[in-house]
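Only one structure is covered here, and it is reproduced in the block below.
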Amino acid sequence: MNHSPLQTARYSYEPKLPMILRSAMNEIIAVEGQATTSAADQDKIKALFPNTFGQKEISFQKGENNAEVKKNVVGVILSGGQAPGGHNVVSGLYDALKKANPENQLIGFLGGPSGLTDDKYLTFTDEYINEFRNTGGFDIIGSGRTKLETKEQFQKAAEVCKKHNINAIVIIGGDDSNTNAAVLAEYFKANNCGVQVIGCPKTIDGDLKNDDIEISFGFDTATKTFAELIGNIERDANSAKKYWHFIKLMGRSASHIALECALETQPNVCLISEEIEKNAMSLSQIADYVASSVVKRAEKGMNFGVVLIPEGLVEFVPEVKSLIAEINDILAAKGDEFNAIESIKDKIVFMNKNLSAESLSVYSILPEGIQEQMIADRDPHGNVQVSKIESEKLVSSLVEARLKELKKEGKYDGKFNALHHFFGYEGRCAFPSNFDSDYCYSLGYNAFMLIQAGCTGYLSSIRNLSKPATEWKAGGMPITKMMNIERRHGEDKPVIKKALVELDGKPFKYFAENRDVWAVDTCYTFPGAIQYYGPESVCDLTTVTLKLEQSN
């Protein structure tokens with residue numbers, strides 16, 4: 001297989017570990033902290049997880065560990081969407097296993113959680129794993145989105161673990177995947193299967209976080225990748241001076257990516273979904289907000305700019321959220337009648353006739369292409385696929401319409417030419433930054449330490465991440481601590497609570513304090529490509545978000 005020079009060079013990079021994890025295995029002890037509860041709905045979560053609820057937090061410290069060295073056979077699963085650094089979680093787990101006992105084995109289940117229930121796997125070797133160190137992607141064993149939630153799946157998983165003498169499973173994934181990990185841990189413990197389950201926090205969206213999980217892995221690399229692209233576009237905009245660039249950024253449920261990219265690049269406008277929802281902003285108000293920047297810059301002779309838009313924006317606009325819910329209800333009640341209509345134009349007419357007056361007033365102002373997306377693209381449950389709505393085109397078209405009105409009123413005399421971009425997949429499998437390489441390797445290494453300490457139903461936790469890696473703190477947090485109950489498909493389900501952008505948090509406050517200047521003046525900053533070699537001040541930077549969150 002041919003490799004690029006960077007790929008070859010990255011194989012030899014040695015990830016940095018927290019000082020405590022550099023110690024000999026028999027010099028590290030697990031220290032219990034306070035007992036935990038859940039994020040909300042304590043009684044319901046406790047009832048669902050009687051064997052794993054309320055466990056104590058764990059921290060690793062120096063001390064004499066006289067525990068018997070035994071053979072471990074550990075299974076590992078990559079679950080959900082890709083995020084930079086996943087390969088290093090597996091590498092860290094593998095190296096810790098082999099350091100503890102060369103006889104230990106790591107089994108990788110192929111294609112996500114279904115690999116466990118279908119018994120599709122490979123056994124890792126030094127030669128195989130060395131081909132993936134410090135590289136992006138999940139191609140080391142592949143990933144999948146199968147949910148582990150039925151008794152039959154749990155029984156099959158237990159049978160597969162017994163067949164291979166597996167005593168622990170590590171699930172590397174986001175909020176849904178680690179909810180799976182918590183449920184699986186509870187099942188194994190309730191049925192005395194002798195199999196521990198440890199999770200590792202992954203998602204480029206950045207919405208899997210709390211005091212113990214300061215950042216999910218992949219967020220650093222993805223936002224640096226997007227910020228490089230945004231910076232390039234800003235430089236182009238400032239050179240050509242004739243386009244407004246509307247950039248949609250991945251992040252369905254939270255605006256962490258958009259906020260971090262704004263902090264790194266200082267665009268003219270960045271919409272934050274959580275703020276829009278709190279202020280109950282309408283589409284018209286959003287259009288006015290963006291248009292005000294266009295008008296003010298035009299008055300200075302600057303008919304160009306950059307606007308950042310979170311992927312999930314439309315779900316946070318109250319009137320659009322109501323419209324989507326109503327469309328879903330109509331499609332559920334009259335699906336057969338709707339599906340019998342062949343022409344998309346006639347489908348729009350059908351929707352116009354069935355919407356309430358309030359929803360129709362919103363639907364009618366949408367561009368025709370967005371109207372079509374609202375009803376043409378549906379998920380397996382028949383619901384609108386919100387992630388496919390081109391919100392960047394929606395916002396720019398509404399702004400263009402508003403500018404035409406202002407021009408008629410003599411309040412705007414500029415030129416407006418919009419270009420559209422969507423950055424998402426470009427960042428999910430990027431070469432991980434030094435930070436993500438180090439962090440992910442530490443998460444995997446630490447996951448084995450939790451296994452060795454006898455933990456189950458825990459997330460691997462590495463903290464103090466704005467400091468150099470030597471000062472990072474290692475430990476574990478019960479997954480149930482992050483859980484609450486949400487209504488999904490008509491049923492109450494235990495899920496890990498998503499962490500949205502905190503409007504009273506330091507990162508948003510810093511953004512809010514500066515955005516009015518950015519809106520009018522050209523204050524662009526250009527992060528450039530991720531750097532792997534050179535001074536630590538350039539190569540080992542954490543995100544601006546993390547730096548601000550942990551500042552005094």
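Can you give me the Rg/Rh ratio for segment 143-252, using Cα atoms for both radii and the Kirkwood formula for Rh?
Rg/Rh: 1.22.
How far is the Cα center of segment 233-282 from the Cα center of segment 420-480, in Å?
27
Any idea what Rg and Dmax come out to for segment 300-397 if you just take the C-alpha atoms, in Å?
14.7, 55
How much of the accessible area of segment 466-520, probe 1.4 Å, is carbon plus sulfur, in whole percent?
Taking all protein chains in place, segment 466-520 shows 47 percent carbon and sulfur surface.
Provide the FRET efficiency to the nearest 0.05 for the S361-N165 pair, computing r from the beta carbons and using R0 = 51 Å.
The pair S361/N165 has a calculated efficiency of 0.20.
Tell me, Kirkwood radius of segment 1-146 from alpha-carbon pair distances, in Å?
Result for segment 1-146 stands at 17.9 Å.
Run the quick spin-label model on D329 and E513: label points 7 Å from Cα toward the beta carbon, then report their separation in nm to one decimal.
Inter-label distance under the simple model: 4.5 nm.
Give the separation of the Cα centroids, segment 291-324 to segment 111-185, in Å.
So the separation of the two Cα centres works out to 41 Å.
Below 12 Å, Cα to Cα, which aspartates and glutamates can K345 reach? Residues fewer than 8 away in the same chain don't count.
Within reach: E368, E372.
In whole percent, how big is the carbon plus sulfur part of the accessible area of segment 270-324, probe 1.4 Å, protein atoms only?
Roughly 49 percent of what the probe reaches on segment 270-324 is carbon or sulfur.
Taking every DSSP beta bridge with both residues inside segment 75-173, roughly what % is antiparallel (nearest 5)?
Of those bridges, close to 35 percent are antiparallel.
Work out from phi, with θ = phi - 60° and the Karplus expression 6.51 cos²θ - 1.76 cosθ + 1.60, the ³J(HN,Hα) of each residue of segment 462-479, listed in order in whole Hz, and give x for Gly and Pro.
Coupling constants for segment 462-479: 10, 10, 6, 6, 7, 8, x, 4, 4, 9, 5, 10, 10, x, x, 10, x, 4 Hz.
For segment 1-156, what % of the accessible area comes from carbon and sulfur atoms, probe 1.4 Å?
48
Pull up all non-local amide H partners of C270: gap of 5 or more, or a different chain, and H-to-H distance under 5 Å with H placed in the peptide plane.
It is L308, by chain and number.
Counting alpha carbon pairs within less than 8 Å and at least 6 residues apart, what relative contact order, in whole percent, applies to the chain?
Taking the mean separation of contacting Cα pairs over the length of the chain, I get 24 percent.
Given a 1.4 angstrom probe, what's the average accessible area per residue across the chain, in square angstrom?
Spelled out: the 1.4 Å probe surface of the chain, per residue, equals 42 Å².
If each residue of separation counts as 0.36 nm, what is the full-extension length gain between D126 and E502 once their alpha-carbon separation is subtracted?
131.0 nm
For a quick check: with amide H placed at 1.01 Å from N, whose amide H comes under 5 Å from N417's, ignoring anything fewer than 5 positions away on the same chain?
W244
Could you run the Debye sum over the Cα atoms of segment 234-348, one equal point scatterer each and no solvent, and tell me log10 of I(q)/I(0) at q = 0.13, 0.19, 0.20, 0.22 Å⁻¹, two decimals?
Ignoring solvent entirely, the Cα scatterers give -0.65, -1.00, -1.05, -1.16.
Computed from the mean reciprocal separation of all distinct C-alpha pairs, what Kirkwood hydrodynamic radius does the chain have, in Å?
Taking the inverse mean of 1/r over all distinct Cα pairs, the chain comes out at 24.9 Å.
How large is ³J(HN,Hα), in whole Hz, for each residue of segment 390-396 in order, when computed from phi with the Karplus curve 6.51 cos²θ - 1.76 cosθ + 1.60 and θ = phi - 60°, using x for Gly and Pro?
Running phi through 6.51 cos²θ - 1.76 cosθ + 1.60 with θ = phi - 60° gives 7, 5, 5, 6, 4, 5, 5 Hz.
Hey, what do the phi angles of segment 113-129 turn into as Karplus ³J(HN,Hα) couplings, whole Hz, using 6.51/-1.76/1.60 and θ = phi - 60°, x for Gly and Pro?
Values, residue by residue: x, 5, x, 6, 6, 9, 6, 10, 7, 9, 9, 5, 10, 4, 4, 5, 6 Hz.
What fraction, in whole percent, of alpha-carbon pairs in segment 213-292 exceed 18 Å separation?
Every Cα pair in segment 213-292 considered, those over 18 Å come to 48 percent.
Counting DSSP beta bridges with both partners in the chain, what percentage is antiparallel, nearest 5?
Approximately 45 percent, going by the DSSP bridge assignments.
The values are calculated or read from the model by the stated rules, or taken from the named source; none is laboratory data. This one's a predicted model, so the numbers in the text were calculated from it and none came from an experiment. Reconstructed Cβ throughout: ideal geometry from the backbone, glycine too, with neighbour counts over all protein chains shown. Accessible surface is based on the protein model in full, side chains and every heavy atom, while ligands, DNA and RNA are left aside. Shrake-Rupley method; radii C 1.70, N 1.55, O 1.52, S 1.80 Å.
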